[in-house]
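The numbers here are math on the coordinates, done by the rules we state, and not lab data. Note that the coordinates shown come from a computational prediction; the quantities given were computed from them, not determined experimentally. FYI the Cβ positions are ideal-geometry reconstructions off the backbone, even for glycines, and counts take in every protein chain you see.
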Amino acid sequence: MLEEERKYEVDENFTLPDLSATVPPGGRVLALPPVTLTATYLDTTDLRLARAGVSLRHRKGDPLPWTVKLPSDVPGTRHEISRPGKRRETPAELTALVTAYSRGVPLVPAAVVRSVRHAYELRDDADRVLAEIADDAVSVLDGDRVRKRFREVEVERKGGDGDLLDRVEAVLGEAGAVAGGFTPKHVRALGKAAAGPADLVAPTELPGKPSAADVVTNAIRRGVGRVLAHDPLVRLRQPVGDDDTAVHQMRVGCRRLRSDLRTFRSLLRPEWVDPLRDELKWLADVLGAARDAEVLRARLHVTADADPLSHLDRAAVDRIDAVLERRHEQALTSVDEALGSERYAALVEALVAATREPQLTGAARGRAVDVLPKLVAKPWRRLAHGGKDSDAAADLDPLAPDERWHAVRINGKKARYAVDAVAPVLGGGARKLAKSLSRVQELLGEHQDAAVAAETWLGVAADDPTDHALAVTAGRLAERERTTIRRVRAEFPDAWRGTTKGSRTDWLP
């Protein structure tokens, strides 16, 4: 669940203003009975969770007392996951959700916070809750002693929109409330140590004339952040947006980071970078099985419904989907096992360390504009001119077997990732080439997805040779996939020519 709230600092004499003007006509403000909530926050002794913007608490007085809150990409929001459980028995699921931040270090009580809450619901004319206002008098406890007191007001969005929160903020501001940023209670309770920098170092703004080391370091930090940000969402089996999954994004993160480490390999110490790339490949492969099943299940229904004038046997399509569903669940189980392993814990530790101090060579001290083009030239030449294992992209035979097209696709992905890694710094032609390669890779990816799907549909039918309806349906599905492949092969030459237009490759040595 994505929680959106705004916090306000108020003094002890603050009086909550009349909020009735903020609700729609016919709505009302409903005062709830006051409650006392006592929350115990768990963290490592060096406060890794708090410093990363994460919390794990048990709050007495809640129907679901255990809660994890995780940062999200949307400012002012957090992922909130709550579970039942006894105070002294932290749910294993929630402990696992913070693995990327705790990195396996034991969690201990770090802060105890007692809040006397006066809450108010803003409701519309249908009595639906639009937002909840919580006026909390907070005491930070040290045993039986109150170590610190403060007061804050929280506004949490429920069924309302952003305009409602803006109206509430305006009324609170007029009454003297001060927007306090997004500082959680336990961070205020723990003080400066909890507000320190996270162990996972984020990318920084590059200087005007960056060195190659600046670019490499930022690329590593960006890639590691993408991988680890999706760790808890993968464990929750949670979608990302309307049509994407956390498994996909975490896998892409692994593959892009691994590709960046390959692109910048000559700037990194081999004894450091090679083992890291090997472990990222292991994780990407585990995630890949689950992602492949996701893609095939989604593609099955799109392909089955592609021709509304030629319906397929729905029962047979459902039988194929059932096979894919079983494969998907098995793959997700393997993902869960991998994320719970000591091998993964060691990888997370290595990734976090990489953001702090990547092991660079002396060559990384050179100017980015001088060093980076040479690093991209090799994967580009392999794509453009081919090699012993693959054709040049321009020479792809429309009648070549799928394997040859797949080999070019692999080279295309390496080239695209390499150009993507340097385009923000080199600009100009590099940015244009990155955009053109994106289209090329899109077509080659569609080709590969169709080829794999066709084989899958026929393979499912072959496993049950007595099911004639299934065989006919699988054959028709496969033919539709081959139609897609023929279309891609017809469109590809124009897309490839677009990569060499103008100044797209002039910057390459």
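In the frame of its principal axes, the stretch 49-193 has Cα extents of 47, 32, 27 Å, reported largest first. Compute the signed sum of charges (Lys and Arg +1, Asp and Glu -1) over the other residues within less than 10 Å, Cβ to Cβ, of G445. Net charge around G445: -1. Taking a straight Cα-Cα cut-off under 20 Å and skipping sequence neighbours fewer than 8 places away in the same chain, the aspartates and glutamates within cross-link reach of K374 are D214, D260, D420, D506.
Mind running the shape call on the stretch 460-509? Use the C-alpha gyration tensor, a ≥ b ≥ c as the square roots of the eigenvalues: rounded below 1.5 for a/c, prolate if a/b tops b/c, oblate otherwise. It is prolate, given that a/c is not under 1.5 and a/b is the larger ratio. Dividing the alpha-carbon radius of gyration of the stretch 189-341 by the rule-of-thumb value 2.2 N^0.38 Å gives 1.36. The shape of the stretch 367-506 can be summarised by an equivalent ellipsoid whose semi-axes, obtained from the alpha carbon gyration tensor, come to 36, 13, 13 Å from longest to shortest.
Residues whose amide H lies under 5 Å from that of T361, counting only those 5 or more places away or on a different chain, are L268, R269; hydrogens are built 1.01 Å from N in the peptide plane. Within the chain, DSSP assigns beta bridges of which about 100% are antiparallel (rounded to the nearest 5). Centroid-to-centroid, using Cα positions, the stretch 178-225 and the stretch 493-508 are 37 Å apart. Measure out, as a whole number of angstrom, how far apart the alpha-carbon centroids of the stretch 1-80 and the stretch 233-261 sit. The stretch 1-80 and the stretch 233-261 have Cα centres spaced 28 Å from each other. Couplings 3J(HN,Hα) for the stretch 450-461, derived from phi with the Karplus relation 6.51 cos²θ - 1.76 cosθ + 1.60 (θ = phi - 60°), are 5, 5, 5, 4, 4, 4, 5, 4, 5, x, 4, 5 Hz, where x marks Gly and Pro. The tail of the calculated P(r) for the stretch 344-402 beyond 14 Å holds 73 percent of all Cα-Cα pairs.
Checking the cross-link pairs K388/K435; K388/K413; K378/K432 against a 22 Å limit on the alpha carbon distance flags K388/K435 as lying beyond it.
Computed over neighbours whose Cβ is under 15 Å from that of D199, the net charge equals 0, Lys and Arg +1, Asp and Glu -1. Angle of helix 342-356 to the longest C-alpha principal axis of the chain, folded into 0 to 90 degrees and rounded to 10: 80°. Summing charges over neighbours of P25, with a neighbour being any other residue whose Cβ is under 10 Å away from its Cβ, gives -2 when K and R count +1 and D and E count -1.
Each of the peptides 63-70, 217-224, 431-438 was scored by the mean count of other Cβ atoms within 10 Å over its residues; in descending order, highest first, they stand as 217-224, 431-438, 63-70.
Take the Cα of L32, go 7 Å toward its beta carbon, and the backbone nitrogen atoms of the stretch 83-120 under 19 Å from that spot belong to 83-85, 113-120.
Take the convex hull of the alpha carbons in the stretch 164-235; its mean projected area over all directions comes to 8.9 nm². For the stretch 262-341, rounded, prolate or oblate, judged on the Cα gyration tensor with a ≥ b ≥ c (square roots of eigenvalues), a/c < 1.5 rounded, else prolate if a/b > b/c? Oblate, because a/c is 1.5 or more while a/b does not exceed b/c. Is the stretch 361-444 best put as rounded, prolate or oblate by its Cα gyration tensor, with a ≥ b ≥ c the root eigenvalues, rounded for a/c under 1.5, and otherwise prolate when a/b is larger than b/c, oblate when not? It comes out prolate by the Cα gyration axes. Residue ranges 245-251, 357-363 sort as 245-251, 357-363 when ordered by packing (mean number of other C-beta atoms within 10 Å per residue, highest first).
Annotation note: GluC sites (Glu not before Pro) in the stretch 205-314 located in DSSP loop regions with a Cβ neighbour count of at most 12 within 10 Å are E205.
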